[in-house]
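Data first, discussion second: the structure below is written as structure tokens.
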Amino acid sequence: MSWVVIALLGAAVAGMINILDKTLLFRYLRSPLTLPLLIGVAQGSIGIILVLALTWPETTTASSIGWGFFSGGLWGLSAWFFLRVLYSQEVSRSVPVYQTFPIFAALLAVFFLDEDLSAFHWIAILATVAGAVLISLRLDQGYRDLFLHRSFFILMLGSAIAAAAHVTGKVALDDLPVLHTHALRSLGLSGVLLLGALRPAPLREVRELVRQRSPAFAILGMNEVVLASSSMILTLWALSLGPVSLVTT
């Protein structure tokens with residue numbers, strides 16, 4: 001299967017993840033730290049299960065494991081910035097700005113992975129990113145203010161970190177299979193999110209959700225176990241087959 005098709009499938013699934021994340025934040029969660037905490041627990045559990053269940057190749061090196069884990073840590077840091085903005089902003093305002101990371105990914109790939117991009121490729125990348133930004137614009141003053149509000153710069157920082165996560169993930173994939181890389185990235189992502197979210201307020205909220213048998217856990221299970229894992233695996237699969245600069249675009 002073409003990496004283009006795989007990358008598009010991964011992007012389509014990622015869009016559903018953003019909607020469900022906002023649903024959790026809007027309907028069920030009060031603290032902005034609760035969703036990162038829940039995601040950290042879910043992804044950490046997935047990572048541990050995969051690490052224990054998979055047979056690791058004899059050629060696996062400490063360097064490749066480190067790159068996979070580091071890629072996940074960058075994803076966690078990027079997700080942290082994105083989720084903080086998503087807590088107070090609409091999905092349609094947050095996602096297009098956050099999705100400008102192909103520009104950063106292309107620059108990093110050219111300098112660190114020696115990828116060769118033609119003028120046509122650069123035009124395609126710029127057109128894709130410009131379209132994403134234009135989608136976030138509206139006629140009312142409130143939407144135009146996004147680009148002057150600090151949330152824009154937070155999202156751009158998260159976008160740059162996401163680009164680095166893609167590039168380091170590509171490095172890990174040079175030596176590791178897709179599922180093994182996904183396991184390490186899940187652990188790295190989990191570690192960063194839990195490090196920032198293990199606080200009394202979100203822990204109290206999680207206990208209250210458990211006591212109430214909240215539907216939030218069903219949504220979270222669908223989102224993290226099924227959709228997020230599928231999107232991450234599809235994206236890694238595409239990265240293993242194609243150039244990181246174009247896959248991210």
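Test of understanding: among L50, L33, L74, L20, which residue is within 13 Å of the chain's Cα centre (by Cα) and either among the acidic types (D, E) or open to solvent by 20 Å² or more (accessible area, probe 1.4 Å) (or both)? It would help to see each step written out before you state the result.
On the way: L50 fails: within 13 Å of the chain's Cα centre (by Cα); L33 fails: within 13 Å of the chain's Cα centre (by Cα); L20 fails: within 13 Å of the chain's Cα centre (by Cα).
When all the criteria are applied, what remains is L74.
Just to confirm my filter: which helices (runs of 4 or more DSSP H) fall fully inside the range 209-249 and include at least 1 residues that are modelled with pLDDT under 90? Walk me through how you get there before you give the answer.
On the way: elements: 216-221, 229-241, 244-248.
Hits in the range 209-249: 244-248.
Here are some conditions: (1) surrounded by fewer than 22 Cβ atoms within 10 Å (Cβ to Cβ); (2) touching a helix residue (DSSP H, G or I) at 6+ places or on another chain (Cβ under 9 Å). T59 meets all but one. Which one does it not meet?
(2)
Which residues, counting only those in the range 1-33, are in contact with a helix residue (DSSP H, G or I) (Cβ under 9 Å, 6 or more places away or on another chain), within 14 Å of I219 (Cα to Cα) and assigned to a helix (DSSP H, G or I)?
M16, I17, N18, I19, L20, D21, K22, T23, L24, L25, R27
Is there any pair linking a residue in the range 118-145 that is open to solvent by 50 Å² or more (accessible area, probe 1.4 Å) and basic (K, R) to one that is in a helix (DSSP H, G or I) and modelled with pLDDT of 55 or more, with Cβ under 9 Å and at least six apart or on different chains, and which?
Listed by first residue and then by second, the contacts come to R138/S92; R138/R93.
Spot the failing condition for L220; the list is (1) under 19 Å from R27 (Cβ atoms); (2) aliphatic (A, V, I, L, M); (3) over 19 Å from the mean Cα position of the chain (by Cα), and only one is missed.
Condition not satisfied by L220: (3).
Of everything in the range 185-209, what is charged (D, E, K, R) and over 30 Å from G169 (Cα atoms)? Give them in sequence order.
Scanning the range 185-209 gives R204, E205, R207, E208.
The values are calculated or read from the model by the stated rules, or taken from the named source; none is laboratory data. In this text, all values refer to a predicted model and were calculated from it rather than measured experimentally. So basically every Cβ, Gly included, is an ideal-geometry build from the backbone, and we count neighbours across all protein chains shown. Surface areas here come from the heavy atoms of the whole protein model, side chains and all, with no ligands, DNA or RNA. Shrake-Rupley method; radii C 1.70, N 1.55, O 1.52, S 1.80 Å.
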